[in-house]
Amino acid sequence: MTTLRAGDLGVLLTGGGLVVALTIWAWGGDHGDTVVIRAAGRVVETASLAQARTFAVAGPLGTTHIEIEPGRARIARDPSPRQLCVKQGWLTQSGQAALCLPNQVSLEIRGRTTAYDTLGY
Amino acid sequence: MTRSVIELPVHADDRRIARLAALAIGLTLAEAALPSPVPGVKPGLANIVILLVLLQYGWRAAAWVSGLRVLAGGLLLGSLFAPGFWLSAAGALVSLSVLALARYLPRRHFGPVSLSVLAAFGHIGGQLALVGIWLLPAAALIKLLPVFATAALVFGTVNGLIVMRMLATSTPEPNMSPDILAGTRKG
């Protein structure tokens, strides 16, 4: 009577699993599944976030290189002087965006639900 | 000549339930004095009494003690028929329903900790269900779910361990139901 039994451990593990699942579900955020690439305000490419790919997008200053890996995407290289969009690093969550304003290129992650109706740059 | 006195025969069972309910009410009051960071996150100490009653005197006695605890606790805390009272009642109801099923789990493998954790999840589940239906939009609750679930798991486990320890040290009374004697003597 003074020890935990097999079923007790099972219940505790199931309860722990439930807590973890709830935490991921409620706090995990919405992982994006689509990449939207814009140049000069127009959508030039819509790609899945599932496969690794690279894109080269032309802008007024030169070519912006975009890298997609399963589950994440980033601006790998960009001719903009301050490199702000490159320094943002990898984007994973729905609604995240990296903007290379001087070169007029943007990278946005989208999921099932969008965090915003629209974003004006 | 008719007697005008209404006689209410009091059985030993009634006295026992009253005594145990008083214990549960005392714990409820003591707990209400504890500060809590999030409303709803409480140790649920009265559940220790409910579980002990369930394991020693059966589900019907546990339901009585639980119902009396909710009612008298509401009276004494001044929250009778206020939202907090209904949340407490909903939690107790679902928790008792879960226990009504969980008590049929084989005693060899499932001890008081299992019952306590299941009851704790039932308790918070019933409360959150009522909150979601009645008080708050369900979307606002989702972010709080992990907090409540963690509290249920932790406090359920601790309460279960306390019950286990108490059952191990207490000598069984002669009027205990036979399945309890089997449960306490095994393992």
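The values are calculated or read from the model by the stated rules, or taken from the named source; none is laboratory data. Keep in mind that what you see is a predicted model, and the values were worked out from it rather than measured. Heads up, the Cβs are rebuilt from the backbone with ideal geometry, glycines too, and the neighbour counts pull from every protein chain shown.
Give me the helices (runs of 4 or more DSSP H) completely within the stretch B:72-145, filtered to those with at least 2 residues that are aliphatic (A, V, I, L, M), within 14 Å of another protein chain (Cβ to nearest Cβ) and out of contact with any helix residue (DSSP H, G or I) (no Cβ under 8 Å at 6 or more places or on another chain), ordered by residue number.
Of the helices (runs of 4 or more DSSP H) lying wholly inside the stretch B:72-145, those with at least 2 residues that are aliphatic (A, V, I, L, M), within 14 Å of another protein chain (Cβ to nearest Cβ) and out of contact with any helix residue (DSSP H, G or I) (no Cβ under 8 Å at 6 or more places or on another chain) span B:138-142.
Restricting to the stretch A:4-34, give me the number of residues that are over 30 Å from the mean Cα position of the chain (by Cα) and either within 24 Å of residue A:111 (Cα to Cα) or in a helix (DSSP H, G or I) (or both).
Going through the stretch A:4-34 one residue at a time, the tally reaches 10.
Restrict the check to the stretch B:49-56 and report whether at least one residue is closer than 30 Å to residue B:141 by Cα, out of contact with any Pro (no Cβ under 8 Å at 6 or more places or on another chain) and part of a loop (DSSP other than H, G, I, E, B).
Checking the stretch B:49-56: not a single residue is closer than 30 Å to residue B:141 by Cα, out of contact with any Pro (no Cβ under 8 Å at 6 or more places or on another chain) and part of a loop (DSSP other than H, G, I, E, B).
Could you check, for the stretch B:73-92, whether at least one of its residues is of a type in the set (Phe, Trp, Tyr), over 11 Å from the mean Cα position of the chain (by Cα), modelled with pLDDT under 95 and surrounded by fewer than 18 Cβ atoms within 10 Å (Cβ to Cβ)?
Checked the stretch B:73-92: at least one residue is of a type in the set (Phe, Trp, Tyr), over 11 Å from the mean Cα position of the chain (by Cα), modelled with pLDDT under 95 and surrounded by fewer than 18 Cβ atoms within 10 Å (Cβ to Cβ).
Considering only the stretch A:65-80, I want to know if a residue exists there that is loosely packed, with under 15 Cβ neighbours inside 10 Å, part of a loop (DSSP other than H, G, I, E, B), away from chain B (no Cβ under 14 Å) and aliphatic (A, V, I, L, M).
No, that holds for no residue.
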